[in-house]
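Heads up: the structure comes next, in structure tokens.
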């Protein structure tokens, strides 16, 4: 399974924003809290749902929270993903 990238996070955030035209994900958003980006608890619930559908992870209820950042989300999800084992050097 491939690691989650910041482009993947942006795509999931855009899909979870619905019709909210006030959401601006251009520029450096990595360390901006979700609440400051305009994501409320309901939108973050959709982010959680999207992530769990696309990746083999189980996120705790209420996570991500409005105070967490896209970079926090990226690190957390990638930390939950299974590590790919290379077949190089095996016989």
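For the range 51-69, the count of residues that are without any contact (Cβ under 8 Å) to a residue 24 or more places away in the chain, out of contact with any helix residue (DSSP H, G or I) (no Cβ under 7 Å at 6 or more places or on another chain), within 16 Å of residue 4 (Cβ to Cβ) and crowded, with 17+ Cβ neighbours inside 10 Å is zero.
Counting only residues that are at pLDDT 90 or above and assigned to a loop (DSSP other than H, G, I, E, B), which one in the range 23-37 is farthest from residue 77 (Cα to Cα)? Across the range 23-37, the extreme among qualifying residues is 28.
The values are calculated or read from the model by the stated rules, or taken from the named source; none is laboratory data. None of these values were measured; they are calculated from a predicted model. Virtual Cβ from ideal backbone geometry, glycine too; neighbours counted across all protein chains shown.
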